[in-house]
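Worksheet: the structure to be examined is printed underneath.
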Amino acid sequence: MKALVSHGPNQPFSLENVADPIPGPGEAVAKILACGAGLTVQHVKAGRSPVPFPRILGHEISAEIVETNGDCGNIKVGMPVTAYFYLTCGHCKFCLINRQTLCKNFGGYIGRACDGGYAEYIKLPAKNFVPIPETLDIYKNPAEIGVICDAIATPYKVLRKGRVAPLDKVAVFGAGGGLGIQMLKMARWANCHVTAVDIDTSKFSACLEHGADICVNAGSNDAHEALMDASSGGFDVAIDFVSSTKSLEMAVASLGIGGRLLTLGGGVVLMQISNSMQ
Ligand SMILES: [Zn+2]
């Protein structure tokens with residue numbers, strides 16, 4: 001098959017002929033229709049995420065199952081699928097309580113620990129393939145459906161983790177970014193009052209178009225007052241896709257009574273906060 005192979009950080013992809021993947025027991029092979037390029041791919045390309053090279057990157061796929069081997073559960077040949085990013089054991093405590101990213105036997109990420117979707121075919125444990133419902137036409141919109149497993153799944157999980165409910169006042173920090181825009185849409189879908197927060201005011205028209213009721217310039221001197229006005233005294237949920245010290249402080253200060261803060265990324269900053277609170 002043809003594949004875009006990455007041989008190291010800061011190197012262009014190389015279009016090569018490589019061996020077709022052969023599924024082992026419990027594995028399936030899918031024919032790739034489309035594969036997205038999110039931050040996870042960019043981290044590898046820039047050398048921020050070490051992976052064993054050569055490697056076929058990419059995990060935001062839309063694909064059709066073409067081969068299975070042994071017990072593959074509900075995954076059948078001909079089925080339209082996307083992929084679950086994390087390679088987990090499926091039976092440890094954390095897998096069983098839906099905290100798969102804490103899996104005690106964590107195997108890494110698709111497109112890093114194993115080859116990904118920048119190829120004609122991809123081989124994965126069958127349980128990593130997620131069937132696409134018939135109501136979505138994967139052959140008509142393969143690119144849009146491929147990114148659902150990342151750009152839509154993340155905001156959806158935020159809604160659940162944040163216990164976001166209708167009429168909640170929600171602030172999205174970094175709202176103009178790729179995930180932020182999807183978060184605005186999802187918060188709108190959840191019938192919330194949505195405030196977009198960003199330092200790049202050129203993105204505000206897009207934020208309003210995609211679900212924000214109000215936009216607040218986080219770089220202005222009266223940003224906190226603007227957030228208090230937008231939320232009538234404090235948000236129920238603040239979601240921070242920036243997670244810098246400044247954005248986290250601003251997000252915490254914007255919360256009302258019983259408010260929840262969700263932070264995505266920024267682990268170094270979180271560690272600093274944790275240390276300062278000890
Ligand atoms: Zn596990």
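Since every read-out is calculated from the coordinates, none of them should be taken as a lab result. Just so it is clear, the structure is predicted and the values come from calculations on it, not from any experiment. Ideal geometry is used to build each Cβ from the backbone, glycine not excepted, and the neighbour counts take in all protein chains shown.
Of H59, H43, the sequence from fewest to most neighbouring Cβ atoms within 10 angstrom is H43, H59. Amide H to amide H, with H built 1.01 Å from N, N69 comes under 5 Å of G26, E27, counting only residues 5 or more places away or on other chains.
Which whole-number percentage describes the relative contact order of segment 154-277, with Cα contacts under 8 Å and a sequence gap of 6 or more? Write out the running numbers ahead of the final one.
On the way: 233 pairs, mean separation 28.9, N = 124.
Relative contact order of segment 154-277: 23 percent.
Looking at the chain, what % of the alpha carbon pairs are farther apart than 35 Å? The partial results should precede the final answer.
Details: 9663 of 38503 pairs.
Summing the P(r) tail past 35 Å for the chain gives 25 percent.
In a reduced charge model with +1 at each Lys and Arg Cβ and -1 at each Asp and Glu Cβ, the chain shows a dipole moment near 740 debye about its Cα centre. Report, for the chain, the % of DSSP beta bridges that are antiparallel, rounded to 5. Once the DSSP bridges in the chain are tallied, antiparallel ones form about 55 percent. The distance linking segment 67-116 with segment 123-141 is 14 Å (Cα centroid to Cα centroid, whole angstrom).
Build a GNM of the chain with springs between Cα atoms under 10 Å apart, and of N98, N217, N128 the one that fluctuates most is N98. The residues neighbouring G258, those whose beta-carbon lies less than 15 Å from its own, together hold a net charge of +1 under the Lys/Arg +1, Asp/Glu -1 convention. Across segment 181-192, rounded Karplus estimates of 3J(HN,Hα) from the backbone phi angles (6.51 cos²θ - 1.76 cosθ + 1.60, θ = phi - 60°) give 4, 5, 5, 4, 4, 5, 5, 5, 4, 7, 6, 9 Hz, Gly and Pro being marked x.
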